[in-house]
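Below you'll find the structure, written out as structure tokens, and then a few comments.
Values quoted throughout were computed directly from the atomic coordinates according to the rules given, and no laboratory measurement underlies them. Every value quoted in this text rests on a predicted model; they were computed, and no experiment measured them. Backbone-built Cβ (ideal geometry, glycine too); neighbour counts: all protein chains shown.
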Amino acid sequence: MANRLKLDEMDKVLKFADKHIEDQNFDGAVVVLYGALKQLVDTLKGIESVCYENSPNVNIYTESDCEMSITSFVNICAEAMRVTTDEILSRRRTQDVALARMCAIYFARKEGYKVMELSNYFARDHSNISHACQKIDVYLECDRELTEKINQVKDMIDAFKLKKDYCDGQDQ
């Protein structure tokens, strides 16, 4: 399973292949695309086998399955970006508020929350949720300054999880 290509990683593979083609490195593009296709076939075979098993091993996350609540993501992002939680949940579109909101959505989505759960929580259309995640991915690839801010939020989330794990371990 470790060598399978995630479908959301396909865009990165295609961009990498495009770069090789622009540089007229056709051999490199062929190698990249061949490897990606091979992994994609393995992935699809895995999906096909899951569809035909009596008890498929499919992870469907619900709020209770996720390590952190959406509210925790919002609180951490608000603190890191120096905005209020009310501003994140509002309709405001100023750059600082929008970035904090997109970070909260992005990290909650990475945690396993469904688009519809986030859509309901943030009172946004599902396309806004998907767009926020895509936008953060673009920032991480292209904008060094915003990448630092996003990584700061990630570090705070990781610290929160460690603290939560430590506190949960103390209760036992």
* Structure fact -> Excluding residues fewer than 8 positions from Lys164 in its own chain, the lysines with Cα under 21 Å of it are Lys110, Lys154
* Structure fact -> The size of the Cβ-based charge dipole (Lys, Arg +1; Asp, Glu -1) of the stretch 70-171 about the Cα centre, to the nearest 20 debye, is 320 debye
* To do: Report the relative contact order of the stretch 70-171, percent, no decimals, based on alpha-carbon pairs under 8 angstrom and at least 6 residues apart.
  => 26 percent
* For a quick protection proxy, order the peptides 101-114, 81-94 by their average other-Cβ count within 10 Å, most packed first. => 101-114, 81-94
* Asked: Considering only Cα-Cα distances, which of the following residue pairs are longer than 28 Å: Lys38/Lys161; Lys19/Lys135; Lys114/Lys163?
  -> Lys38/Lys161
